[in-house]
Amino acid sequence: MSATVGLALLPGVPSVPSGYPQPDAVVIGAGSGGLTVAVGLSSFGKRVRLIERAQVGGDCTNVGCIPSKALLHASALLGSAQPNQLSPVGTLAHVRRRRNHLRDEETSEFAKKKLIDLQFGTARILESGKVEVTGDNGATELIEAKHIIVATGSRPRRIPIEGLPAERYLTNEEIFEVEEPPNNLVIVGAGPVGLEMATAFRRLGTSVTVLEAAPQILPAVLPEAAAVLHRRLEADGIDLKPGMVAKRFDPAGNTLHVGPLAGGATGRVEDVDAVLVAVGRLPNSEGLGLEELGVETGHDGKVVVDGKGATSVENIWATGDVSTKGATTHAANAWGRRIIKAIVFPIAPAGKEPEHPAVTFTSPEVATIGVQPTKVPTDVRRVTYDLAKADRAYVDEVTDGIVVVDVRRFSGKILGATIVGPRAGELISVFSLAMKTGTRFQKWYGVVWPYPVYAQALGNVVDQFMLEHMKNLHKDFPRWLFGRLRRS
């Protein structure tokens with residue numbers, strides 16, 4: 001069944017219609033960024049045509065944030081005393097039901113919104129201000145609008161694995177459709193997607209092996225933070241293999257041969273049922289007519305946008321992971337709001353782009369914000385705190401965790417933070433607010449934190465900084481001044 005026909009069965013949801021009035025803006029893609037723009041513009045009285053070729057909600061609702069976090073939540077309940085505890089097979093079915101329910105609700109909701117005309121079909125930009133939409137039945141419609149917003153998202157990057165049958169090759173688009181957990185799962189890629197799925201499927205009873213080409217898991221985070229998670233995941237029974245990639249698959253013995261990126265196979269994983277490839281994303285920028293229009297894209301195919309979300313062609317905008325900004329759901333939403341502001345208040349300045357936090361929802365969680373180089377500059381003080389020393393960690397029997405914060409010497413400006421531990425995704429939001437508002441560590445000093453909460457760890461970090469700050473003012477000032485002159 002096609003997506004268009006299936007969604008048309010929902011109450012109040014038309015299939016590819018005709019006769020809609022010409023809009024003020026066309027939004028191509030009904031994922032996180034596209035929905036944000038559509039709702040925002042309609043709130044200012046703009047009529048929006050929202051074009052979607054597959055399913056409302058995009059990757060986040062259908063094959064990303066929602067099913068992955070639902071699976072992490074449901075799998076964590078296995079073995080507990082919950083009254084309606086599910087089996088591993090039932091857990092996977094439960095996650096699909098929850099995902100589908102939300103998608104159906106979103107589809108019905110947006111199909112009924114005033115000033116938003118939801119249309120299913122494939123869009124192509126013919127020229128600035130003109131979009132052609134083709135429905136499942138082949139019928140086309142020409143839409144004219146002053147503004148066109150590209151929010152077509154991305155797709156999983158697929159890498160060839162010699163000998164691996166198609167039915168054993170999974171990405172995030174297939175993993176949530178498996179009927180039962182595989183006995184033995186190999187995950188290629190130890191980024192957020194790979195490690196979250198490793199966590200969930202290990203809880204479901206699957207034997208999990210994770211390969212990562214880089215020398216550490218979560219290559220984008222500080223080594224000391226990655227090491228904390230590495231220890232915890234191995235303690236949970238996940239076999240982590242940094243510095244290793246998939247080389248070839250032997251169907252006769254269901255054996256995956258592995259080895260370093262440069263070189264031949266040096267090891268093997270036996271009795272492999274499935275391989276989940278989680279090695280990045282590719283933007284859905286092809287087939288939209290962008291190249292013919294001269295819209296600038298990067299070497300990776302992402303649409304280049306400025307501080308307002310505008311492309312190189314007037315009145316064509318882009319948000320989400322099809323663009324050079326907005327690779328996460330919350331970032332896509334944030335850039336969608338920038339586009340709304342630029343369209344509704346065109347003379348208003350874009351403003352400084354805030355730092356975007358990122359969270360990996362493993363156990364423990366890993367949260368980051370800002371830039372934290374491995375080698376700390378001389379005008380930066382790095383404060384590290386063992387989260388296991390917090391009183392709340394003691395009562396919760398948490399034995400491993402870390403908080404690492406980089407603060408500009410003398411000025412107290414926060415440059416970046418990494419947290420590994422329970423509630424890390426919530427705690428990082430404190431830094432997000434402080435960095436957006438320019439609240440320096442001196443202003444944090446004396447803040448009263450409820451007892452006992454994990455946020456007290458942040459208070460301990462501030463105390464450490466302020467102690468060193470007050471003892472070393474005579475040294476920190478020239479370091480800060482020299483650093484400022486160097487940066488300018």
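The values are calculated or read from the model by the stated rules, or taken from the named source; none is laboratory data. Computed from a predicted structure; not experimentally measured. Positions of Cβ are generated from backbone atoms using ideal geometry, with glycine treated the same way; all protein chains shown enter the neighbour counts.
The table for this structure:
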quantity: Some residue of segment 345-359 being surrounded by 20 or more Cβ atoms within 10 Å (Cβ to Cβ) and among the aromatic types (Phe, Trp, Tyr); calculated: no
quantity: Filter result for the condition that a residue is modelled with pLDDT of 95 or more and over 22 Å from PRO422 (Cα atoms), over ALA220, ALA213, ALA226; calculated: ALA213
quantity: Selection count, segment 44-89, where residues are basic (Lys, Arg) and either at pLDDT below 95 or outside the structural domain of ASP24 (by TED's automatic domain parsing) (or both); calculated: 1
quantity: Strands (runs of 3 or more DSSP E) fully within segment 336-420 counting 3 or more residues that are within 15 Å of SER432 (Cα to Cα) and not assigned by TED's automatic domain parsing to the domain that holds VAL305; calculated: 365-370, 402-408
quantity: Restricting segment 148-191 to residues that are free of Cβ contacts under 8 Å to residues at least 24 places away in the same chain and not in a helix (DSSP H, G or I), the residue that is surrounded by the most Cβ atoms within 10 Å (Cβ to Cβ); calculated: GLU174
quantity: From the options LEU276, LEU261, residue that is in contact with a Gly (Cβ under 9 Å, 6 or more places away or on another chain), surrounded by 13 or more Cβ atoms within 10 Å (Cβ to Cβ) and either under 20 Å from VAL178 (Cβ atoms) or of a type outside the set (Gly, Ala, Ser) (or both); calculated: LEU276
quantity: Spans of strands (runs of 3 or more DSSP E) in segment 85-147 with at least 2 residues surrounded by fewer than 20 Cβ atoms within 10 Å (Cβ to Cβ); calculated: 122-127, 130-134, 140-144
quantity: Number of positions in segment 57-84 that are in contact (Cβ under 8 Å) with a residue 12 or more places away in the chain and either among the aromatic types (Phe, Trp, Tyr) or part of a helix (DSSP H, G or I) (or both); calculated: 17
quantity: First in segment 289-302 and within 12 Å of THR152 (Cβ to Cβ), second anywhere and surrounded by 11 or more Cβ atoms within 10 Å (Cβ to Cβ) and hydroxyl-bearing (Ser, Thr, Tyr), Cβ under 9 Å, 6 or more apart; calculated: LEU290/THR297; LEU290/THR311; GLY301/SER285; LYS302/SER154; LYS302/SER285; LYS302/SER323; LYS302/THR324
quantity: Residues being under 20 Å from LYS46 (Cα atoms) and modelled with pLDDT under 90 - total across segment 121-148; calculated: 1
quantity: Criterion (of a type in the set (S, T, N, Q), free of Cβ contacts under 8 Å to residues at least 60 places away in the same chain and closer than 19 Å to ILE369 by Cα) met by exactly one of THR439, THR399; calculated: THR439
quantity: Criterion violated by GLY421 - all others in (1) under 20 Å from ARG232 (Cα atoms); (2) of a type in the set (Gly, Ala, Ser); (3) loosely packed, with under 15 Cβ neighbours inside 10 Å satisfied; calculated: (3)
quantity: Residue in segment 255-269 that is among the charged types (D, E, K, R) and not assigned by TED's automatic domain parsing to the domain that holds VAL133 present; calculated: yes
quantity: Condition broken by ASP463, with the remaining ones in (1) among the acidic types (Asp, Glu); (2) within 20 Å of GLN372 (Cβ to Cβ); (3) at pLDDT 95 or above satisfied; calculated: (2)
quantity: Lone unmet requirement of (1) surrounded by fewer than 23 Cβ atoms within 10 Å (Cβ to Cβ); (2) assigned to a loop (DSSP other than H, G, I, E, B) for GLY320; calculated: (1)
quantity: Residue within segment 436-459 that is charged (D, E, K, R) and within 24 Å of LYS389 (Cβ to Cβ) present; calculated: no
quantity: Residue that is out of contact with any helix residue (DSSP H, G or I) (no Cβ under 6 Å at 6 or more places or on another chain) and of a type outside the set (Phe, Trp, Tyr), where the choices are ALA166, ALA151; calculated: ALA166
quantity: Qualifying residue in segment 95-114 (condition: closer than 30 Å to VAL258 by Cβ and of a type in the set (S, T, N, Q)); calculated: no
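Condition check ((1) under 28 Å from SER285 (Cα atoms); (2) among the polar types (S, T, N, Q)) across all residues:
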{"position": "GLU314", "(1), (2)": "yes, no"}
{"position": "ARG338", "(1), (2)": "yes, no"}
{"position": "THR374", "(1), (2)": "no, yes"}
{"position": "VAL383", "(1), (2)": "no, no"}
